[in-house]
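Peer 1: Right, I'll just put the structure down here and ask away after.
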Amino acid sequence: MPFENKLRKLLEKDQPTVGTHIGIAFPLVTELVGLSGQFDYIEFAGEYHPYTDFDLINIARTAELYGLSTMIKIDQSPRISIAERAMGIAGIQNMLFADSRTVEDVKLCVDAVRCDPKGIGGARFGRVMTKLGSLPAWVKYCDDAVVAIMIEKKVAVENLEELLSVDGVDMVQWGPADFTVSSGIPGQWTHPKVKEAELKVIKTALKMDIRPRIECSVEAMQGYIDLGVRDFCIGMDTSILSSWFNDSGKKIRETLAKI
């Protein structure tokens, strides 16, 4: 049975896409997303959370049961090794690469995903190859992977068109947190430089026929849609739990204080 990459299919049809982030590797979280029937894919935030190859395998297997695509956010290094193992061993279909600063960085991200001669990958014998059944199917699986690039460093914004000119980039994700750090204004989310850079990323990506993806609140979506954005990744399991613990916990304590 082949892997269907729902995210790739939607992009090919020029349809909007919506994902959600998970940081808890326990596959029940992926199952809950799938049971909702509301999301096209899950993104495992691997840059921020611990995981093993076995965790990724279980996330991928669970997602497959519910027709969800999968993505992983990958650290700056060792991005090649992580991408190859996530795709070949686990079956994570799409890659979001953090911390790109130069054209060479972006080329390496694309090369890590595609097979030779388009990239540097080769045969990966394991779970995915067994399920796909042939080397031609494996090469297509790699070709279908969505390559998304974080634009989050000041230097990346300054050289944006050069970075997005690299063949094989499908999607860009604006990263305001690292941008504030690299711009010397850490945590100043409302600083004019931040909004200016965000708009530049969105407009430049659209001009160059690359999909800009935005992480925002549900309430903020319409403003981005009006700019031409069609791709969103909203929510994080750990943040949702943290908000409930804080908000509901406070109300519980206030109620008990009345006794």
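The values are calculated or read from the model by the stated rules, or taken from the named source; none is laboratory data. Keep in mind the model is a prediction, meaning the values are calculated, not measured. Cβ placement follows ideal geometry from the backbone for every residue including glycine, while neighbour counts extend to all protein chains displayed.
Peer 1: Among the candidates 38, 15, single out the residue that is of a type outside the set (Asp, Glu), part of a loop (DSSP other than H, G, I, E, B), surrounded by fewer than 16 Cβ atoms within 10 Å (Cβ to Cβ) and touching a residue at least 60 places away in the same chain (Cβ under 8 Å). It would help to see each step written out before you state the result.
Peer 2: Details: 38 fails: touching a residue at least 60 places away in the same chain (Cβ under 8 Å).
Matching residue, one of 38, 15: 15.
Peer 1: Counting only residues that are in a loop (DSSP other than H, G, I, E, B), under 15 Å from the mean Cα position of the chain (by Cα) and modelled with pLDDT of 95 or more, how many does region 53-90 have? Let's see the steps before the verdict.
Peer 2: Here is the first cut: in region 53-90, the ones in a loop (DSSP other than H, G, I, E, B) are 66-68, 75-78.
Among the residues that remain, those that are also under 15 Å from the mean Cα position of the chain (by Cα) are: 68, 75-76.
This time we only want the ones that are modelled with pLDDT of 95 or more, so: 68.
Total meeting the criteria: 1.
Peer 1: Since residue 99 meets every condition but one in (1) over 30 Å from residue 158 (Cα atoms); (2) of a type outside the set (A, V, I, L, M, F, W, C); (3) not in a strand (DSSP E or B), which condition does it not meet?
Peer 2: Single failed check for residue 99: (1).
Residues are listed down the side, and each one gets a yes or a no for (1) under 21 Å from residue 18 (Cα atoms); (2) touching a Phe, Trp or Tyr at 6+ places or on another chain (Cβ under 8 Å); (3) modelled with pLDDT under 95; (4) in a strand (DSSP E or B):
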position: 181; (1), (2), (3), (4): no, no, no, no
position: 189; (1), (2), (3), (4): no, no, yes, no
position: 195; (1), (2), (3), (4): no, no, no, no
position: 199; (1), (2), (3), (4): yes, no, no, no
position: 206; (1), (2), (3), (4): yes, no, no, no
position: 216; (1), (2), (3), (4): yes, yes, no, no
position: 220; (1), (2), (3), (4): yes, no, no, no
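Peer 1: Same structure again: Could you tell me which residue of region 167-182 is farthest from the chain's Cα centre (by Cα), considering only residues that are surrounded by 19 or more Cβ atoms within 10 Å (Cβ to Cβ) and among the aliphatic types (A, V, I, L, M)?
Peer 2: So the residue we want is 169.
Peer 1: Just the residues that are in contact (Cβ under 8 Å) with a residue 24 or more places away in the chain, surrounded by 13 or more Cβ atoms within 10 Å (Cβ to Cβ) and within 21 Å of the chain's Cα centre (by Cα), please, taken from region 183-212. Before you say what the answer is, go through the steps one by one.
Peer 2: Here is the first cut: in region 183-212, the residues in contact (Cβ under 8 Å) with a residue 24 or more places away in the chain are 183, 197-205, 208, 210-212.
Among the residues that remain, those that are also surrounded by 13 or more Cβ atoms within 10 Å (Cβ to Cβ) are: 183, 197-198, 200-205, 208, 210-212.
Across region 183-212, the qualifying residues are 197, 198, 200, 201, 202, 203, 204, 205, 208, 210, 211, 212.
Peer 1: If residue 139 satisfies all but one of (1) among the β-branched types (Val, Ile, Thr); (2) outside any helix (DSSP H, G or I); (3) touching a residue at least 12 places away in the same chain (Cβ under 8 Å); (4) over 19 Å from residue 102 (Cβ atoms), what's the number of the condition it fails?
Peer 2: In the conditions (1) among the β-branched types (Val, Ile, Thr); (2) outside any helix (DSSP H, G or I); (3) touching a residue at least 12 places away in the same chain (Cβ under 8 Å); (4) over 19 Å from residue 102 (Cβ atoms), residue 139 misses (2) alone.
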